[in-house]
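The values are calculated or read from the model by the stated rules, or taken from the named source; none is laboratory data. Just so it is clear, the structure is predicted and the values come from calculations on it, not from any experiment. Please note: Cβ atoms are built from the backbone with ideal geometry, for glycine as well, and neighbour counts cover all protein chains shown.
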Amino acid sequence: MSTLSVDTITGKSTSTNLTIGSTPVVSSSANSLTIRGEGSNQTSIQQGLAKCWVGFVGTGTISVSDSFNLSSLNDDDTGTYTANFSTNMANDDYCWSASMKDGTTQGRGRYSCPQNASTYSTSAFQMEFQNDTTSTMQDVDHGALTVTGDLA
Amino acid sequence: MSSLKVDNITGRGNAGFTGSVKSEGGNTTTNLQQGLCKSFINFNGEGTVATRDSFNISTLNDTADGTYQLTFQTNMNDGNYTTSGTGGDTNAAAVIVCQPHDSEAPSTSGYRVTCLQAHASINDEPYIGVVIHGDLA
């Protein structure tokens, strides 16, 4: 068995392939790496990566529990928050999903949604959390969101 | 063209392999580990619960109506990871909310989710998907 120990591996061009056995597992082109998936097809590494995720406490003085690519989280209003990226997205067409819990009483559903389309930008977006029963904005005890899309 | 043939490629530090990849826009890089989903599951939560497909899930238990306990194969580093969930019903008009359990915080070894229909009660649902991002142990 041989082991290669290095700090950096650089392809000679934008079309470098990493092959194990006879199977190309990683292929590259400009700003794009593809990897062989669980079957026989290739999938994009960049497109499959989350570009930002945030876990936060949204009641009282809000706090971020853990995050990736988040510079700050603003408490704008009741149940309304703005997430600011550390590194900007390439456009405002990215996708985000969220979940949340509130208090200790089961069955208190919450919806999350973009505040409105105009709040999407390459550097930030605003979101709101709504009480399922009263259809009013409400702070969440625990909020979580994930962003996928194109990084700048 | 040049080719290099080895069995293992390792980083030289104690951190092991850490990767960053060029962004789609080409102006920056993004962290490979931080961007990777650490667990996902698609399961049928009605009747005898059944996992359709999953990654890094060891067990799925039906603990109560619309409430499920999931356990990781490989633990997370802390309980601060993010959960994104969605649920579907055979009733096309039903709106399903899938969220972390109200009274049980996520732990390093697993988490509990609750599914409820909009303006209704907690219910078992046939189509439930949850994705986890965060720090692996």
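Which strands (runs of 3 or more DSSP E) sit wholly inside segment B:39-132 and have at least 2 residues that are surrounded by 16 or more Cβ atoms within 10 Å (Cβ to Cβ)?
Of the strands (runs of 3 or more DSSP E) lying wholly inside segment B:39-132, those with at least 2 residues that are surrounded by 16 or more Cβ atoms within 10 Å (Cβ to Cβ) span B:39-44, B:57-64, B:67-72, B:82-88, B:96-100, B:110-117.
Of the residues that make up segment B:109-119, is at least one away from chain A (no Cβ under 11 Å), of a type in the set (S, T, N, Q) and under 13 Å from the mean Cα position of the chain (by Cα)?
yes
Kindly evaluate residue A:33 against the criterion of being modelled with pLDDT under 85, surrounded by 14 or more Cβ atoms within 10 Å (Cβ to Cβ) and within 12 Å of chain B (Cβ to nearest Cβ).
Spelling it out, residue A:33 is indeed modelled with pLDDT under 85, surrounded by 14 or more Cβ atoms within 10 Å (Cβ to Cβ) and within 12 Å of chain B (Cβ to nearest Cβ).
Give segment B:10-27 a look and list any residue that's at pLDDT 65 or above and surrounded by fewer than 14 Cβ atoms within 10 Å (Cβ to Cβ), or say none.
B:18, B:20, B:26, B:27
Does residue B:30 fit the bill of being surrounded by 15 or more Cβ atoms within 10 Å (Cβ to Cβ), under 18 Å from residue B:130 (Cβ atoms) and either of a type outside the set (Val, Ile, Thr) or at pLDDT 90 or above (or both)?
So residue B:30 does not fit the description; no.
Within segment A:50-107, which residues are acidic (Asp, Glu) and more than 9 Å from chain B (Cβ to nearest Cβ)?
Scanning segment A:50-107 gives A:75, A:76, A:77, A:92, A:93.
For segment B:21-38, which residues satisfy the criterion of being in contact (Cβ under 8 Å) with a residue 40 or more places away in the chain and in a strand (DSSP E or B)?
none
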